[in-house]
Amino acid sequence: MESATALFSLIIALPLVGFLINGLSGLFVESYRNKKQLIGIIANTAVFIPFVIALYFFINMSADSNALVYKLFTWMDTGTFSVDVAYRVDQLSIMMTLVVTGVGFLIHLYSMGYMSHDEGYWKFFAYLNLFIFAMLNLVLANNLLLLFLGWEGVGVCSYLLIGFWYTDMAKSDAAKKAFIYNRVGDFAFLVAMFMTFQSIGSLNFDAILSNLDAIPDGYKFTIGLLMFVGATGKSAQIPLFVWLPDAMAGPTPVSALIHAATMVTSGIYLISRMSPMFVMVPEVMIIISVIGALTAIIAATIAITQNDIKGVLAYSTVSQLGYMFLALGAGGFTAAMFHVVTHAFFKACLFLGSGSVIHAMEHVEHGLHKEGKHVHYDPQDMRFMGGLKKYMPHTYKTFLIATVAIAGIPPLAGFFSKDEVLAMAMNAGFVDGGSWLYMALWGVGIITAFLTAFYMFRLTLTTFHGSFKLPQKIKEAAGAEKHLHENPWNMTTPLWVLAVLAIFGGFLGVPNFIVETFTHEPAHINLLHDWLYTINADYKIVMSHALEWVLMGVSIAIAISGVWLAFKMYNNDQQEESDALIASKFGGLYSLWRDKYNFDDVYEGLIVRPAVKFSDKVLAVFDMKVVDGIVNAIAGTVRLFGSLFRYLQTGVVTNYALAFVIGVIVILYLMIM
């Protein structure tokens with residue numbers, strides 16, 4: 001057991017060690033900052049070894065294995081409150097650990113090429129390692145408080161990484177926005193923890209989940225709702241989702257790591273971990289599904305109007321997270337986790353692919369500057385791209401694979417996970433106590449699936465097909481094509497690994513009904529369901545196999561329709577004309593989508609400006625008149641007494657000697673009497 005604890009400890013410790021080595025060495029030894037190869041190797045090793053160790057634990061675990069708890073030390077012990085730094089290795093946590101360390105390692109490797117010319121190279125990798133450390137604490141924690149430590153840790157790392165280029169005020173503001181919006185959700189999560197401890201007397205998962213009956217019914221609703229509010233902050237759901245699109249201001253590997261594969265899935269992980277409690281509160285489940293479905297379709301409609309390559313992917317991420325919450329609220333906890341895994345593969349591939357494109361577009365700008373052509377343009381604007389598949393074949397092929405996957409085209413990963421999400425939404429309407437509302441939410445999910453296929457192929461076709469538009473847009477950029485080229489191996493290799501995972505990852509959750517329809521016996525080809533059945537409190541599937549086949553057929557038809565429409569409108573170098581056509585068809589609705597439903601304006605008018613005005617008119621006056629007044633009064637009182645007592649300081653030694661003798665006599669008198 002001790003050897004297993006020591007081996008497991010390396011999973012947690014190595015990313016922290018990598019952070020300390022690169023962080024402290026870069027901070028205090030200036031020459032170390034130039035040893036980029038060494039910095040990259042240390043950072044990558046600090047993530048790759050934990051992946052290998054996690055894989056070892058995974059291989060030695062079965063679906064029926066009991067959870068292993070590794071206690072390192074007692075963290076807090078006061079009165080009836082005791083919390084250990086203890087980690088839980090079970091089917092859910094080891095799956096998330098493999099995703100965090102596996103995808104995290106690929107992004108670290110990619111970053112060695114992407115950030116190679118950045119002066120803050122050492123700092124960037126230190127932050128990445130610290131993020132992995134925090135994320136592992138979150139997914140492996142054996143209690144809510146340690147999970148919350150990781151929860152806050154990834155929030156801090158998100159702030160550091162989004163605002164990595166902090167001299168740019170827009171990027172600095174984006175980092176602050178992410179931090180503040182997450183604090184709103186975090187406060188709700190804290191209150192939920194307090195109420196949980198008040199009811200059960202412990203924050204350990206085993207104690208909570210085995211004593212759910214001890215929580216009063218009213219508390220269950222409140223705790224579930226507050227935990228969901230916490231999840232909406234971290235996982236970017238309405239109304240707290242507006243921070244994530246702005247977070248694209250950070251370096252592209254940050255977008256891939258934090259906002260595609262790991263941090264934003266924290267809320268889904270939390271609800272899945274606490275699923276036995278959530279199924280006891282169907283009202284909260286409905287709220288979760290409604291918010292998830294609304295988030296999915298709102299973000300999808302915004303994505304249609306975006307021209308920033310990372311902006312499209314950002315709103316796509318928000319939309320896909322909405323899908324996951326739709327599944328959670330429909331009792332499809334395993335379906336949600338399935339989509340977490342497949343989404344990590346294809347969305348990380350898409351973000352890294354967009355980074356390769358941006359990297360190439362920036363290289364074109366630098367090349368033109370060397371020729372004396374001082375051309376300026378946004379390297380993330382798709383309207384300056386086009387025809388890149390000729391110059392970046394590896395990036396194009398992997399990007400296309402990931403696009404097919406997220407569009408839900410069989411047999412790639414996104415098809416299986418998205419189809420299961422939609423199937424669970426429909427199924428929830430048939431279970432005991434089910435609501436017709438779930439069937440309506442299935443309809444919202446289907447519309448979102450069509451929009452997803454459409455806007456993702458709009459992105460791919462505009463970026464890689466047709467002709468290179470930069471010289472057409474800016475005449476001084478003539479001959480810019482010669483500066484376009486594919487990126488180095490450490491940037492393309494992670495793309496291919498993720499693309500392969502996006503192709504085959506879906507086979508983890510092939511629906512059982514495909515076999516059961518023909519054998520008429522229970523099947524077990526859905527490996528993920530068999531792996532997580534002891535942890536997730538999924539609703540039982542009560543739909544007929546015939547209906548499941550119909551739903552799958554509709555899902556495929558919808559995805560193909562979205563792809564077909566995108567090809568018809570955007571595979572012809574007519575992006576702006578096609579966008580104008582959509583705008584004319586939808587009129588004011590399109591303007592609303594382009595303005596992102598004015599969420600930021602509403603928050604600015606209802607919250608930010610009143611808060612600033614209240615601070616200026618009330619809090620600032622209170623600070624100056626009351627707080628400063630009290631401080632000044634205390635200082636004045638001390639000064640007054642000082643000015644009085646100074647007359648006792650005559651400077652005559654005999655007076656001091658006399659005072660000393662009198663003091664001794666008084667003390668002796670008091671002692672004797």
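The values are calculated or read from the model by the stated rules, or taken from the named source; none is laboratory data. It should be emphasised that the depicted structure is a prediction, and the values quoted were computed from it without experimental measurement. Quick reminder, even Gly has a Cβ in these numbers, built from the backbone with ideal geometry, and neighbours come from all protein chains shown.
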Problem set entry | Restricting the range 367-389 to residues that are free of Cβ contacts under 8 Å to residues at least 60 places away in the same chain and part of a helix (DSSP H, G or I), the residue that is nearest to Val254 (Cα to Cα) | His369
Exercise. Does the range 297-339 hold any residues that are in a helix (DSSP H, G or I) and touching an Asp or Glu at 6+ places or on another chain (Cβ under 7 Å), and which are they?
Worked result: Phe333, Thr334, Ala335, Phe338
For this session: Please determine, by comparing only the residues of the range 128-158 that are out of contact with any Ser or Thr (no Cβ under 7 Å at 6 or more places or on another chain), of a type in the set (Phe, Trp, Tyr) and buried (at least 22 other Cβ atoms within 10 Å of the Cβ), which one is farthest from Lys234 (Cα to Cα).
Result: Phe133
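Considering only the range 30-51, I want to know if a residue exists there that is farther than 22 Å from Ser111 by Cβ, β-branched (Val, Ile, Thr), surrounded by 14 or more Cβ atoms within 10 Å (Cβ to Cβ) and more than 24 Å from the chain's Cα centre (by Cα).
Residues of the range 30-51 that are farther than 22 Å from Ser111 by Cβ, as a first pass: none.
No: the range 30-51 contains no residue that is farther than 22 Å from Ser111 by Cβ, β-branched (Val, Ile, Thr), surrounded by 14 or more Cβ atoms within 10 Å (Cβ to Cβ) and more than 24 Å from the chain's Cα centre (by Cα).
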Exercise. What helices (runs of 4 or more DSSP H) lie completely within the range 567-673 and have 3 or more residues being among the acidic types (Asp, Glu)?
Worked result: 575-586
Exercise. Can you tell me which residues in the range 424-470 are at pLDDT below 85 and assigned to a helix (DSSP H, G or I)?
Worked result: Trp436
For this session: Go through the range 513-537 and give me each residue that's farther than 15 Å from Glu548 by Cα and not in a loop (DSSP other than H, G, I, E, B).
Result: Thr519, Leu527, Leu528, His529, Asp530, Trp531, Leu532
For this session: Return a yes/no flag: does the range 199-215 have any residue that is modelled with pLDDT under 95, assigned to a helix (DSSP H, G or I), charged (D, E, K, R) and closer than 30 Å to Ile107 by Cα.
Result: no
Problem set entry | The listed residue being surrounded by 24 or more Cβ atoms within 10 Å (Cβ to Cβ) and under 16 Å from the mean Cα position of the chain (by Cα), out of Ala327, Ala300, Ala344 | Ala344
Exercise. Could you say whether any residue in the range 544-554 is crowded, with 16+ Cβ neighbours inside 10 Å, within 30 Å of Val281 (Cβ to Cβ) and touching a residue at least 60 places away in the same chain (Cβ under 8 Å)?
Worked result: yes
Seminar exercise, completed: Taking first residues from the range 1-20 that are closer than 19 Å to Leu138 by Cα and modelled with pLDDT under 90 and second residues anywhere that are crowded, with 17+ Cβ neighbours inside 10 Å and of a type in the set (Phe, Trp, Tyr), the pairs with Cβ under 8 Å that are 6 or more apart or on different chains are Thr5/Tyr70
Exercise. Within the set of pairs 6+ apart or on separate chains, which have a first residue in the range 307-323 that is within 14 Å of Ser235 (Cβ to Cβ), a second that is not in a helix (DSSP H, G or I), and C-beta atoms under 6 Å apart?
Worked result: Val318/Ala236; Val318/Phe241; Leu321/Ser235; Leu321/Ala236
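For (1) without any contact (Cβ under 8 Å) to a residue 24 or more places away in the chain; (2) among the polar types (S, T, N, Q); (3) under 15 Å from Ile535 (Cβ atoms); (4) outside any loop (DSSP other than H, G, I, E, B), each residue gets a yes or a no:
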residue: Ser65; (1), (2), (3), (4): no, yes, yes, no
residue: Val85; (1), (2), (3), (4): no, no, no, yes
residue: Thr97; (1), (2), (3), (4): no, yes, yes, yes
residue: Gly102; (1), (2), (3), (4): no, no, no, yes
Exercise. Hey, among the residues in the range 557-583 that are of a type in the set (A, V, I, L, M) and surrounded by fewer than 15 Cβ atoms within 10 Å (Cβ to Cβ), which one's nearest to Ala425 (Cα to Cα)?
Worked result: Ala557
For this session: Among the residues of the range 284-323, count how many are of a type outside the set (A, V, I, L, M, F, W, C), more than 23 Å from Val154 (Cβ to Cβ) and in contact with a Phe, Trp or Tyr (Cβ under 6 Å, 6 or more places away or on another chain).
Result: 2
Seminar exercise, completed: Residue pairs within 8 Å by beta carbon, gap of at least six or interchain, first lying in the range 331-352 and farther than 26 Å from Pro282 by Cα, second assigned to a helix (DSSP H, G or I) and of a type in the set (Asp, Glu), listed first then second, are none
Exercise. Being farther than 21 Å from Val357 by Cβ and under 23 Å from the mean Cα position of the chain (by Cα), is that true of even one residue in the range 422-433?
Worked result: yes
Exercise. What is the residue count in the range 178-202 for residues that are more than 22 Å from the chain's Cα centre (by Cα) and buried (at least 22 other Cβ atoms within 10 Å of the Cβ)?
Worked result: 1
Exercise. Name the residues in the range 458-505 that are touching a helix residue (DSSP H, G or I) at 6+ places or on another chain (Cβ under 6 Å), surrounded by 19 or more Cβ atoms within 10 Å (Cβ to Cβ) and among the small types (Gly, Ala, Ser), would you?
Worked result: Ala477, Ala480, Ala499, Ala502, Gly505
Exercise. List, please: which pairs have Cβ atoms under 6 Å, are six or more places apart or on different chains, and start with a residue in the range 503-528 that is in contact (Cβ under 8 Å) with a residue 40 or more places away in the chain and end with one that is in a helix (DSSP H, G or I) and surrounded by fewer than 16 Cβ atoms within 10 Å (Cβ to Cβ)?
Worked result: Leu508/Leu527
For this session: Could you give me the residue pairs with C-beta distances under 8 Å whose first residue belongs to the range 484-499 and is over 23 Å from Gly387 (Cβ atoms) and outside any helix (DSSP H, G or I), whose second residue is modelled with pLDDT of 95 or more and not hydroxyl-bearing (Ser, Thr, Tyr) wherever it lies, and which are 6+ apart or on separate chains?
Result: none
Exercise. Quick check: anything in the range 391-409 closer than 21 Å to Lys310 by Cβ and outside any helix (DSSP H, G or I)?
Worked result: yes
Exercise. Residues Ser116, Ser158: which one is among the hydroxyl-bearing types (Ser, Thr, Tyr), within 22 Å of Met248 (Cβ to Cβ) and not in a loop (DSSP other than H, G, I, E, B)?
Worked result: Ser158
Exercise. Can Trp564 be described as within 30 Å of Gly414 (Cβ to Cβ), aromatic (Phe, Trp, Tyr), free of Cβ contacts under 8 Å to residues at least 12 places away in the same chain and in a helix (DSSP H, G or I)?
Worked result: yes
Exercise. Would the range 275-288 turn up any residue that is of a type outside the set (A, V, I, L, M, F, W, C) and out of contact with any helix residue (DSSP H, G or I) (no Cβ under 9 Å at 6 or more places or on another chain)?
Worked result: yes
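Against the definition (small (Gly, Ala, Ser), closer than 16 Å to Ile447 by Cβ and at pLDDT 90 or above), how does Ser584 come out, yes or no?
no
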